[in-house]
Amino acid sequence: MRLNTINAIYQSALTLFDRYLSQIPENVFTELTNQEPWSQVRFSLHERRRMAQEKLSPELETLAGNLAVDGYHGWGELYNTIVGQVRIPFEENGEPKTLSAGQAFNKLHSADRNVRVEMFEKWEAAWAGQADLCADALNHLAGFRLRLYKHRGWDSIHREPLQINRMTQETLNVMWDVVEQNKDIFLSYLARKAKLLGVNQLSWHDVDAPIGEAGGTMSYDDGAEAIVAQFRVFSPKMADFAEHALENRWIEAEDRAGKRPGGFCTAFPISGETRIFMTYAGTNLSTLAHELGHAYHQDVMNDMPALAQEYAMNVAETASTLAETIVSDATIRQEKDKQAQIALLDDKLQNASAMFLNIHARFIFETSFYKEREQGMVSVERLNELMVAAQKKAYRDTLSEYHPHFWAAKLHFYSTDVPFYNFPYTFGFLFSSGIYQAALREGSDFEDRYIALLRDTGSMTVEELALKHLGVNLQQPEFWQQAIDMSVEDAKLFLQLTEDL
Ligand SMILES: [Zn+2]
């Protein structure tokens with residue numbers, strides 16, 4: 001509560017600050033941002049000033065922001081209320097139960113196909129029951145956004161999300177083009193998975209189904225030691241940092257009842273320390289590595305001004321994904337048991353194909369939905385049609401069954417903080433793959449360049465970041481192809497290992 005109040009004060013101070021920024025004459029502003037200490041936050045100041053200038057007058061933006069609390073954000077909150085009311089009847093060991101959306105979602109990923117089949121049907125039916133309300137929320141949320149864009153004179157629905165992620169439309173197009181050109185191998189992986197699961201074609205609910213047990217468990221201490229050792233191969237400084245965090249008990253990892261699921265890393269700017277929350281259950285080494293990656297990203301930026309530390313969603317996962325990849329790659333390499341190796345690879349490929357297929361479907365859907373919404377309200381039937389069309393396009397019609405009410409079931413479409421909460425995932429995944437490739441090529445020389453890259457994540461566009469630190473042009477396909485090659489290799493290995501199963 002106290003933090004919310006402080007944050008509200010900070011935000012209104014920033015609005016006022018932006019207003020002053022936008023009123024400084026061009027030549028004075030340029031001169032000012034070339035001088036210390038302003039030059040350290042030059043990018044951020046230019047960005048804030050440009051954003052303020054491209055929006056409506058400060059009075060109108062303030063009014064729009066105020067009305068959004070009970071309008072725009074209100075629709076997002078209504079969606080949360082709807083999700084909270086979803087109840088799904090389900091019989092377990094002969095006992096009838098009523099599951100929440102969260103509990104039912106876990107069942108959708110059950111290793112038992114009969115459970116998945118039954119739950120998928122109930123899942124679709126439950127969302128069909130809420131579809132009218134969800135469609136209202138989605139249509140009004142999108143309508144608010146489109147109306148505001150119109151008043152600002154913005155013509156593209158991708159403009160705001162691209163601006164937030166500091167990237168160009170060309171970069172986004174090239175990234176999706178390269179993904180599109182490489183889909184065959186990931187569809188072959190899914191076809192093989194169908195064979196392993198004993199079905200002709202995968203259903204929507206089979207795509208993320210587990211295909212075996214992935215090795216044994218490891219104690220927390222052994223897991224932590226393994227992570228530090230793998231980090232050290234790649235970057236001694238990163239390994240030292242992880243050791244420091246572990247020794248100083250910055251990680252709350254105990255497996256006990258009453259903890260929320262998932263993990264996160266939070267920073268304390270004044271002490272320069274971070275804390276990690278997660279539940280270590282003996283197998284989720286990758287979560288620990290992931291959160292240590294976030295903590296390291298923060299650590300290398302600690303001495304920078306606050307405005308230079310603000311990075312966007314598409315690069316926020318760079319350090320964490322990279323740390324996770326270092327550990328998961330080493331785990332796969334060291335695994336001697338073939339079945340366990342296959343299960344580990346499948347896990348990795350599930351994530352990669354989600355980036356290239358599932359997230360692509362979300363992007364295609366959202367783009368076509370917004371286009372239709374410009375003409376008026378989009379009905380439930382039409383939303384279902386658009387969703388299935390997007391899924392078929394993304395998966396090249398290779399699945400036996402699709403998820404028409406995915407637009408209702410997926411929280412991300414209702415996020416009012418970030419529009420188009422999809423492509424930044426794919427960007428971040430491939431961007432970190434590209435960095436990992438460079439690190440493998442360059443060995444120990446890469447460490448300092450990597451740190452320099454992380455430090456610049458809050459101070460330039462992604463195109464500038466890639467050019468300066470990796471020497472690549474994100475508006476050309478070469479970098480993206482190299483980045484996706486890593487997952488292509490995983491898919492090839494998976495196909496090879498499962499050849500005669
Ligand atoms: Zn993360």
Q | Residue that is nearest to D18 (Cα to Cα) [pool: residues in the range 314-342 that are away from the ligand (no atom under 16 Å from the Cβ) and open to solvent by 60 Å² or more (accessible area, probe 1.4 Å)] | A | R333
Q. Would you call Y311 part of a helix (DSSP H, G or I), within 16 Å of the ligand (Cβ to nearest atom), under 23 Å from Y436 (Cα atoms) and of a type in the set (F, W, Y)?
A. no
Q. Counting only residues that are within 24 Å of G216 (Cα to Cα), within 12 Å of the ligand (Cβ to nearest atom) and either touching an Asp or Glu at 6+ places or on another chain (Cβ under 6 Å) or open to solvent by 30 Å² or more (accessible area, probe 1.4 Å) (or both), how many does the range 282-308 have?
A. 4
Q. For the range 429-501, which fully contained helices (runs of 4 or more DSSP H) count at least 1 residues that are among the hydrophobic types (A, V, I, L, M, F, W, C), under 25 Å from D177 (Cα atoms) and touching a Phe, Trp or Tyr at 6+ places or on another chain (Cβ under 9 Å)?
A. 462-470, 477-497
Q. Are any residues in the range 256-281 open to solvent by 30 Å² or more (accessible area, probe 1.4 Å), more than 16 Å from the ligand (Cβ to nearest atom) and at pLDDT 90 or above, and if so, which ones?
A. F268, S271, E273
**Q.** Pair list, Cβ under 9 Å, 6 or more apart: the range 241-255 residue under 11 Å from I276 (Cβ atoms), other residue open to solvent by less than 70 Å² (accessible area, probe 1.4 Å) and among the basic types (K, R)
**A.** E252/K259
Q) From the set of residues in the range 49-61 that are touching a residue at least 40 places away in the same chain (Cβ under 8 Å) and under 11 Å from S22 (Cα atoms), which is nearest to the chain's Cα centre (by Cα)? A) M51
Q: Could you check how many residues of the range 85-102 are loosely packed, with under 15 Cβ neighbours inside 10 Å and within 19 Å of R260 (Cβ to Cβ)?
A: 2
Q) Is there a residue being open to solvent by 50 Å² or more (accessible area, probe 1.4 Å) and outside any helix (DSSP H, G or I) anywhere in the range 112-126? A) yes
Q.
Restricting to the range 127-147, count the residues that are of a type outside the set (K, R) and open to solvent by 40 Å² or more (accessible area, probe 1.4 Å).
A. 7
(Q) So the check is Cβ under 6 Å with 6+ separation or different chains; which pairs have a first residue in the range 462-479 that's outside the structural domain of A308 (by TED's automatic domain parsing) and closer than 19 Å to P161 by Cβ and a second one that's among the small types (G, A, S) and outside any loop (DSSP other than H, G, I, E, B)? (A) L474/A466
**Q.** Options D177, D221, D155; residue that is under 29 Å from E463 (Cα atoms), assigned to a helix (DSSP H, G or I) and not hydroxyl-bearing (S, T, Y)
**A.** D177
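The values are calculated or read from the model by the stated rules, or taken from the named source; none is laboratory data. Quantities reported herein were computed from a predicted structural model and do not represent experimental measurements. Positions of Cβ are generated from backbone atoms using ideal geometry, with glycine treated the same way; all protein chains shown enter the neighbour counts. Surface areas here come from the heavy atoms of the whole protein model, side chains and all, with no ligands, DNA or RNA. Shrake-Rupley method; radii C 1.70, N 1.55, O 1.52, S 1.80 Å.
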